[in-house]
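Undergrad: The structure follows.
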Amino acid sequence: MIHSYLSERTAKDSPFLDEVVNSKGGVRTHWQRLVSSLDRLGHEDLNSRQREVDNQLRENGVTYNVYGDPNGMNRPWRLDPIPMVFGQEDWEVIEKGLIQRATLLNHILRDIYGSRTLIREGLVPFELIYNHPSFLRQMDKIKLPGDQLLIHYSADLARGPDGKMWIINDRTDAPSGAGYTFENRVAMTRVFPEMLRENQVRKITRYYQTLKDTLSNLNWQNKEDPRIVFLSPGPGNETYFEHAYLSSFMGFTLATGEDLTVSDGHVWLKTIQGLKKVDVIVRRVDDVYCDPLEFRIDSHLGVVGLMEAIRQQNVLVINPLGCRILENPGLMAFLPRICEHLLGEELMLPSVATWWCGQEKEMQYVLDNLPFLIIKRIYRTNEHRSVYGPDLSQEQIEALRHDIMARPYMYVGQEMVNFSTTPSYIDGKLEARNAVFRSYIVADAANSGYYVMPGGLSRSSPKQGVFLVSNKDGGISKDTWVLGEEPTQRSVSRTSGLLKGGDNILPSRTAENLFWLGRYAERTVHIIRLLRAILQEYYERNIDNHPDKDEALTKLLQTLTEVTLTHPGFKDDELLAKPEKELISLVTDAGRIGSLGQSLQAFLRNGYAVRDRLGLDVWRIMDTVTEEWQVLQGRKRLNSINHSLDNLIVKLMAFYGLTIDSMTREPSWNVFNAGRFLEAAMKSCQTMQGLLIEPKETETERTLLEYLLMINESLITYRYKYRSTIDLSGVLDLLLTDEDNPKSIAYQLAHIDQHLQPVSISEGKGLSTIQKKLLAAQTRVLLSDPRELSKIDKSSGKREKLDTFFSEIISGLGETSTLINNMYFNHTQQRYGYVTTKLPEV
């Protein structure tokens, strides 16, 4: 297989340089071991390992979202099993060039927001800077402690026709991909361990430790253990997986703009224990979206007043706002001269030939060569992407010419270069694909310089001969191997040892997601168990009887409507006579509020929102739940649903088991379980109310009681404990007052209180409002008399006392849920205003 690739690349008169094949048709030195390993593997083994890589990433929940794509949310991450490889000598040149580039850009950034000498001396045209939306005048003269403003930086590189690495793009605002890089390496290490050892592939972990050390030492107050928050746009963002992954990996609190507020010139994190002061924000929100008060008023991603906290030096934002000015492609045309002026050196890594249209001569060149250039705006947006001249019609070229002439300072032209190809494993075959390598550089505070990750995120084009490598366009990621011995470890910062333990704060939004994760998990389980009871009765009834003639089935179906609140549902006689269509809808229609599908989707959505709080094995279980849900959605017949419901129950029970086994007993655990037990109590009461209020003839009632015990997983318990025929008072005793039965209302109420106590907020002396509600409900349950509740009212013919009892418990639990929401998840501060009062920091 590898030989056919080599033969093809040698025989073809390709316009592209190849990473593997040298000018003489042989294999480049640093590829030789890998080529030999691939040759030994063969086609079948490589196919098998490709599947292992895919499974590894899928089980780890590695995803990438694409806006506007119906299949884009949680799209599986794709990893090519063939890595991008750099030899030691080649890498030394790249590493030095990247350090030089980061140093140069740091100087330019300090100058742009400082003395602006480069503009005054004519080294940078002022129109190139002042017309850029990310030149934020509010950041003028604002600095960070030390000499480095640019803390972390990425550059996209590709090998040009001359064999040298060229820089295509600079990423300075909120560089992405480092989390995916680490996951790629983890997957490759597990699937190809012998190859990494044989090739002496350098480790990439030191980059992450250096980043953490640098951030931990960067704060105005010079704290030993500053509070660092990772600011994300939220679960809908395309790289949210990475945000959750990196924040968890580094021990930073993951937050969105809604989790933060500004008061007295400080940034505060809203937590279930009140407001906590924030020292450092590592942002993944674009700069102009970070403060709607001073930048984009339509932003819902940022924090109102953040800029004022920055001015007062009460918080550090990394990278600083306004860094995106360095991503201006027009700057590339001026970097060689600036480098010689500031550093006294030639630029080591060349950029693509660039012509900024703000200069008359350069504009004319671009206009004369539009069909042969790539045209970019100086400010990258989703609406204004790169335009490839050869792809344009004559009419489009004329329209573009008109736009450039109207505002020439907003456009640059870049040379179209035939960048190198590398082998990619496509549909079981090695094929040459153009590839781009994204590097990662971080300020190394301990050594007063920059550190370059020995590796990075490479991406190859999905189509041959086409230079489209972005994830949105279907680009496939590659692990990047830098070969050679590990260099001698340099000095490390004071935080590289054991840090003081933090206070494990839980943001209010995260707590709310965890609370509803527990509720939707329990709701889903309860609906499945009720559905299984219904299907059992449906298929075991006398075949000659219509469904609506079976009293037990009718009562179960009507209870399902009450529990799911999908009215009119089975209150309709026609649906009772033919329940199949309604049951299938209640199972598979995720757009129907109250359905199993909607509850399951909400469970998965809340789980994804708090994935930084869930262990890897827990996430793998949630992935299997997603797979089973996808299977269930395809079920169109009632008799095919039961197996999927059984599988879902098993997977959800595994989810419960893993959370019990792996989650530490801290606020996340307590909030999750408070939601779980509250939902369990409410659903149990609703089901008992639906099945028991109207008395039935003896055999039907016994059947309903047996199903009730099955739904609550208490049938075996009942038989061992009572050793008698099932009767109502015994069932009520077991499901209401038995404090040893985890399915009883008394047990569940006690555990709601037990899980809320460690995170409770003091309201003064005595019990809190929530505790009073729960105590009142517990007291009513424990003092209840099952025999008295079982009595039938003579006037109505129903169990009125039991009906009132359940209604009051359900109402009290609803009020408790509202109180929990108001106390822990909502803050009195307005979303777009300053805080007027705040809780003291605990």
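Undergrad: Per residue Cα convex hull volume for the stretch 234-358, in cubic angstrom? List each step's numbers first, then the result.
TA: Values: hull volume 22.4 nm³, N = 125.
In the stretch 234-358, the Cα convex hull volume per residue is 179 Å³.
Undergrad: Also, I was wondering about something else. Using only Cα atoms, what is the ratio of the radius of gyration of the stretch 553-661 to 2.2 N^0.38 Å? Before the final figure, lay out each step's value.
TA: Values: Rg = 15.4 Å, N = 109, 2.2 N^0.38 = 13.1 Å.
The value comes to 1.18.
Undergrad: Quick one: give the max-minus-min coordinate of the C-alpha atoms of the stretch 635-703 along each principal axis, largest first, in Å.
TA: The Cα atoms of the stretch 635-703 stretch 49, 32, 19 Å along the principal axes, largest first.
Undergrad: Rounded to the nearest 10 Å², what accessible area does His3 have for a 1.4 Å probe in the complete protein model?
TA: Estimated to the nearest 10 Å², His3 gives 110 Å².
Undergrad: Additional query: If the chain between Arg116 and Thr725 were fully stretched, how many nm would it gain, using 0.36 nm times the residue separation less the Cα-Cα distance?
TA: On the way: separation 609, 0.36 × 609 = 219.24 nm, distance 8.93 nm.
Full extension from Arg116 to Thr725 adds 210.3 nm.
Undergrad: Hey, got a sec? Which GluC sites (Glu not before Pro) in the stretch 748-819 land in a DSSP loop and have at most 13 other Cβ atoms within 10 Å?
TA: Details: sites: Glu763, Glu788, Glu800, Glu808, Glu815; in loops: Glu763.
Passing both the DSSP loop test and the Cβ count: Glu763.
Undergrad: At most 15 other Cβ atoms within 10 Å and a DSSP loop assignment: could you name the trypsin sites (Lys or Arg not before Pro) in the stretch 359-396 that fit? Working shown, then result.
TA: Working: sites: Lys361, Lys376, Arg377, Arg380, Arg385; in loops: Arg380, Arg385.
For trypsin sites (Lys or Arg not before Pro) across the stretch 359-396 that sit outside H, G, I, E and B with at most 15 neighbouring Cβ atoms in 10 Å, the list reads Arg385.
Undergrad: Where does the Debye-calculated log10 I(q)/I(0) of the stretch 704-765 sit at q = 0.16, 0.22, 0.28 Å⁻¹, using only Cα point scatterers of equal weight, no solvent?
TA: Ignoring solvent entirely, the Cα scatterers give -0.55, -0.82, -1.17.
Undergrad: Rounded to the nearest whole Å³, what is the per residue volume of the convex hull around the Cα atoms of the stretch 285-435? Mind showing how you got there, number by number?
TA: Details: hull volume 31.3 nm³, N = 151.
Expressed per residue, the convex hull around the Cα atoms of the stretch 285-435 is 207 Å³.
Undergrad: Express in nm, to one decimal, how much length is gained between Asp427 and Leu565 on full extension, taking 0.36 nm for each residue of separation and deducting their alpha carbon distance. Don't skip to the answer; put the middle values down first.
TA: Numbers: separation 138, 0.36 × 138 = 49.68 nm, distance 4.80 nm.
Here the answer is 44.9 nm.
Undergrad: Relative to the first principal axis of the alpha-carbon coordinates of the chain, what is the inclination of helix 32-59, with its axis defined by its Cα atoms, in degrees from 0 to 90 and to the nearest 10?
TA: 40 degrees
Undergrad: Sticking with this one: Is there a quick way to get the dipole size of the stretch 42-189? I mean about its Cα centre, with the Cβ of Lys and Arg at +1 and of Asp and Glu at -1; what is the value in debye to the nearest 20? Intermediate results must be reported in sequence, preceding the final value.
TA: Values: 17 positive and 21 negative charges, 119 e Å.
About 560 debye.
Undergrad: Quick check: with the 1.4 Å probe, what order do Asp479, Asp427, Asp646 take by accessible area, largest first? Numbers along the way, then the final one.
TA: Working: Asp479 0, Asp427 155, Asp646 60 Å².
From most exposed to least exposed: Asp427, Asp646, Asp479.
Undergrad: Then there's this: For the stretch 307-385, state what percent of all Cα-Cα pairs lands in each successive 5 Å bin, counting from 0 Å until the bin that includes the largest distance.
TA: The percentages, shortest bin first, are 3, 12, 16, 17, 17, 13, 11, 7, 3, 2, 0.
Undergrad: A follow-up question, please. Keeping all protein chains in position, work out how much accessible area His43 exposes to a 1.4 Å probe, and write it in Å² to the nearest 10.
TA: 90 Å²
Undergrad: Quick one: what do you get for the stretch 93-237 if you divide its Cα Rg by 2.2 N^0.38 Å? Provide the component values of the computation, followed by the final result.
TA: On the way: Rg = 18.9 Å, N = 145, 2.2 N^0.38 = 14.6 Å.
Expressed relative to 2.2 N^0.38 Å, the Cα Rg reads 1.30.
Undergrad: Turning to a different aspect of this structure: Mind checking the per residue accessible area of the stretch 299-357 for me, 1.4 Å probe, whole number of Å²? Could you put the intermediate results ahead of the total?
TA: On the way: 1890 Å² over 59 residues.
With all protein chains present, the stretch 299-357 gives 32 Å² per residue.
Undergrad: Ok, one more. So, in nm, how far is label Ala406 from label Glu8 when the simple model puts each one 7 Å beyond its Cα toward the Cβ?
TA: If labels sit at Ala406 and Glu8, their model points lie 4.5 nm apart.
Undergrad: Given the rule -39500 (n - 2.57) for each run of at least 4 DSSP H residues, summed and divided by the residues of the chain, what is its mean residue ellipticity at 222 nm, to the nearest 500 deg cm²/dmol?
TA: Values: 28 runs with 371 residues, N = 842.
Using -39500 (n - 2.57) per qualifying helix, the result is -14000 deg cm²/dmol.
Undergrad: Now for a separate question. Once label points are set 7 Å from the Cα along Cα→Cβ at both Leu123 and Gln754, what is their separation, rounded to one decimal in nm?
TA: In this crude spin-label approximation the distance works out to 6.8 nm.
Undergrad: Here's something else I'd like to know. Can you compute log10 of I(q)/I(0) for the chain with the Debye formula, treating each Cα as one identical point scatterer, at q = 0.07, 0.09 Å⁻¹?
TA: With one equal scatterer per Cα and no solvent, log10 I(q)/I(0) is -0.66, -0.98.
Undergrad: Please report the orientation-averaged projected area of the stretch 54-170, defined via the convex hull of its C-alpha atoms, in nm². Write out the running numbers ahead of the final one.
TA: On the way: hull surface 49.5 nm².
Orientation-averaged projected area of the Cα hull: 12.4 nm².
Undergrad: Quick check: Cα centre of the stretch 370-399 to Cα centre of the stretch 105-154, how many Å?
TA: Cα centroid of the stretch 370-399 versus Cα centroid of the stretch 105-154: 28 Å apart.
Undergrad: Out of every Cα-Cα pair in the stretch 165-302, what percent are more than 26 Å apart? Working shown, then result.
TA: Values: 3241 of 9453 pairs.
Summing the P(r) tail past 26 Å for the stretch 165-302 gives 34 percent.
Undergrad: Please give the solvent-accessible surface of Arg523 in Å², to the nearest 10, using a probe radius of 1.4 Å with every protein chain present.
TA: Answer for Arg523: close to 40 Å² accessible.
Undergrad: Any chance you could give the angle, 0 to 90 degrees and rounded to 10, that helix 178-191 forms with the longest Cα principal axis of the chain?
TA: Between helix and principal axis, roughly 80 degrees.
Undergrad: Right, another one. Calculate the length of the line joining the C-alpha centroid of the stretch 546-561 to that of the stretch 236-294, in whole Å.
TA: The two parts, judged by their Cα centres, are 50 Å apart.
Undergrad: Roughly what angle does helix 641-662 make with the longest principal axis of the chain, taking Cα atoms, 0 to 90 degrees, to the nearest 10?
TA: Its long axis makes an angle of about 70 degrees.
Undergrad: Whole-Hz Karplus ³J(HN,Hα) for the stretch 505-513, in order, using 6.51 cos²θ - 1.76 cosθ + 1.60 and θ = phi - 60°, x for Gly and Pro?
TA: Whole-Hz 3J(HN,Hα) from phi for the stretch 505-513: 6, 10, x, 4, 5, 5, 4, 5, 4.
Undergrad: Same structure, new question: Could you give each residue of the stretch 359-376 its phi-based ³J(HN,Hα) in whole Hz, using Karplus coefficients 6.51, -1.76, 1.60 with θ = phi - 60°, and x for Gly or Pro?
TA: Taking θ as phi minus 60°, the curve returns 9, 4, 4, 5, 4, 5, 4, 5, 4, 6, 10, 3, x, 10, 10, 9, 9, 10 Hz for the stretch 359-376.
Undergrad: By how many nm would the segment from Gln630 to Leu715 grow when fully extended, if each residue of separation counts as 0.36 nm and the alpha-carbon distance is taken off?
TA: Values: separation 85, 0.36 × 85 = 30.60 nm, distance 3.10 nm.
Length gained, Gln630 through Leu715: 27.5 nm.
The values are calculated or read from the model by the stated rules, or taken from the named source; none is laboratory data. The structure presented is a predicted model; accordingly, all values stated were derived computationally and were not measured. Because the Cβ atoms are built from the backbone with ideal geometry, glycine has one as well, and the counts that use them run over all protein chains shown. Please note that ligands, DNA and RNA were not included when accessible areas were found on the heavy atoms of the full protein model with its side chains. Shrake-Rupley method; radii C 1.70, N 1.55, O 1.52, S 1.80 Å.
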